[in-house]
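Structure first, then comments.
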Amino acid sequence: MNAHDFRTRNQVLSQKKGLTQTAFGALFGMSKQAVYSWETGLYSPDISVLLKMADFFQIPICILVGRPGMYCKGSEEHGNNCDFCASITEDDSLIIRAIHALPPEKQEAIKTLLNINEKK
């Protein structure tokens, strides 16, 4: 999870709903201190909390954690009508898994071949 993206997104979404750290934490059974620790990047919420947050804000979890498109699979068939992510086919999923299984130097070679540059 990109901690900075998550912190920023979480704060903006909470503010749009008019929630204080205390109120936001209470929605998910967490303390104000827990929310503060997420917003400062000290800790990240548990996956069960992230899922509840994504449901509450009505956004895909991949957007919440700053990984758009990585885990949105078959959004049309599930009725999500996700405007944020393209559907990932089974073939796409197989290719992604195969790339992740490669050693780092071969992953870098594929990035070079595809002209993919890291955004910094």
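The values are calculated or read from the model by the stated rules, or taken from the named source; none is laboratory data. Computed from a predicted structure; not experimentally measured. Counting neighbours? That spans all protein chains shown, and the Cβs are built from the backbone with ideal geometry, glycine included. The accessibility values were calculated without ligands, DNA or RNA, using every heavy atom of the protein model including side chains. Shrake-Rupley method; radii C 1.70, N 1.55, O 1.52, S 1.80 Å.
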For THR20, are the conditions met, namely being at pLDDT 90 or above, polar (S, T, N, Q) and loosely packed, with under 13 Cβ neighbours inside 10 Å?
yes
Kindly establish whether GLY74 is crowded, with 16+ Cβ neighbours inside 10 Å, modelled with pLDDT under 80 and assigned to a loop (DSSP other than H, G, I, E, B).
no
Test set (1) modelled with pLDDT of 70 or more; (2) open to solvent by 70 Å² or more (accessible area, probe 1.4 Å); (3) touching a helix residue (DSSP H, G or I) at 6+ places or on another chain (Cβ under 9 Å); (4) under 30 Å from ILE110 (Cα atoms) - GLU90 fails condition number:
(3)
Please work out which residue is least open to solvent (accessible area, probe 1.4 Å), limiting yourself to segment 23-57 and to residues that are part of a loop (DSSP other than H, G, I, E, B) and over 23 Å from ARG67 (Cβ atoms).
SER31
